[in-house]
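All remarks here apply to the structure that follows.
The values are calculated or read from the model by the stated rules, or taken from the named source; none is laboratory data. The structure presented is a predicted model; accordingly, all values stated were derived computationally and were not measured. Quick reminder, even Gly has a Cβ in these numbers, built from the backbone with ideal geometry, and neighbours come from all protein chains shown. Surface accessibility is based on the protein's heavy atoms, side chains included, excluding ligands, DNA and RNA. Shrake-Rupley method; radii C 1.70, N 1.55, O 1.52, S 1.80 Å.
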Amino acid sequence: MAAPIESPCRNLCSLDAERKGCTGCGRTLDEIVHWRSMTEAQRAAVMARVKDFEPIRR
């Protein structure tokens, strides 16, 4: 059995109300809230979307 997909969190958490997501990892607020209850396929889709996300520094 494969290991569960780890969170893309980089411990640079800051929510951007305009983009409705995290400026550290690129996930949406909904993705952050539901991460633990997502299926592996859903997590893999999020990981594919944020794989090249560059944190937004302010």
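Some values worked out for this structure:
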| read-out | value |
| --- | --- |
| The stretch 16-46, subset hydrophobic (A, V, I, L, M, F, W, C), more than 19 Å from Ala3 (Cα to Cα) and buried (at least 19 other Cβ atoms within 10 Å of the Cβ), residue farthest from the chain's Cα centre (by Cα) | Cys22 |
| Cross-chain or 6+ apart pairs with Cβ under 8 Å, the stretch 27-38 first and under 14 Å from Cys9 (Cβ atoms), then aromatic (Phe, Trp, Tyr) and in a helix (DSSP H, G or I) | Arg27/Trp35 |
| Arg10 vs. criteria in contact with a Leu (Cβ under 9 Å, 6 or more places away or on another chain) and either open to solvent by 90 Å² or more (accessible area, probe 1.4 Å) or at negative phi (or both) | no |
| Test: residue in the stretch 10-30 that is assigned to a helix (DSSP H, G or I) and not polar (S, T, N, Q) | yes |
